[in-house]
Amino acid sequence: NVVTLSDAITRLKTLSPKRFNFKSAPSITLDGFLAHEVTAVPEAVEGEKDGVITQAMLDAGTLEGTVGDPIYQGIDQSKLVPLLTAALQEAVTEIESLKSRLDAAGL
């Protein structure tokens, strides 16, 4: 079930890179993405937006903390690489096509 990744530039344009820091490390600024905004590659996102610890989670022993504490989402950024690669390939193909047209027109 392998298919070529297509329309990557359109999907890429939905990504919104940010600069940010975590409250626990305010002196460290990072470049990245906000997990809940990464809709172009949903398999890269772990967790759910605005997730919180429930009593059932505490009872099951799956998490430690207090009911209502946030469960922060994360991103496996390596899963963005195929989309970025496909978008770059599409862009290079377009650039090469435009260069050929200019060469053909003698410009």
Close pairs (8 angstrom Cβ cut-off, 6 or more residues apart or separate chains): more than 22 Å from Val81 (Cα to Cα) in region 32-57, open to solvent by 70 Å² or more (accessible area, probe 1.4 Å) and of a type in the set (Val, Ile, Thr) anywhere: Val52/Val67; Ile53/Thr66; Ile53/Val67; Thr54/Val67; Gln55/Val67
Region 1-19, residues that are surrounded by 11 or more Cβ atoms within 10 Å (Cβ to Cβ) and of a type in the set (A, V, I, L, M, F, W, C): Leu5, Ala8, Ile9, Leu12, Leu15
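Which one of these is among the acidic types (Asp, Glu) and at pLDDT 95 or above: Glu94, Glu48, Glu64?
After ruling out the rest, the residue left standing is Glu94.
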Close pairs from region 1-26: first in a strand (DSSP E or B), partner of a type in the set (Gly, Ala, Ser), Cβ under 9 Å, at least 6 apart: Lys18/Gly32; Arg19/Gly32; Phe20/Gly32; Asn21/Ser27
Tabulated pairs, region 81-104, first β-branched (Val, Ile, Thr), second modelled with pLDDT of 95 or more, C-beta under 9 angstrom, 6+ apart or interchain: Thr85/Ala8
Subset of region 32-49 (residues that are of a type in the set (Asp, Glu) and more than 12 Å from the chain's Cα centre (by Cα)): Glu48
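The values are calculated or read from the model by the stated rules, or taken from the named source; none is laboratory data. Just so you know, these numbers come straight off a predicted model, no measurement behind them. In this analysis, Cβ positions are derived from the backbone assuming ideal geometry, glycine residues included, and neighbour counts consider all displayed protein chains. These area figures cover heavy atoms from the full protein model, side chains too; ligands, DNA and RNA do not enter into them. Shrake-Rupley method; radii C 1.70, N 1.55, O 1.52, S 1.80 Å.
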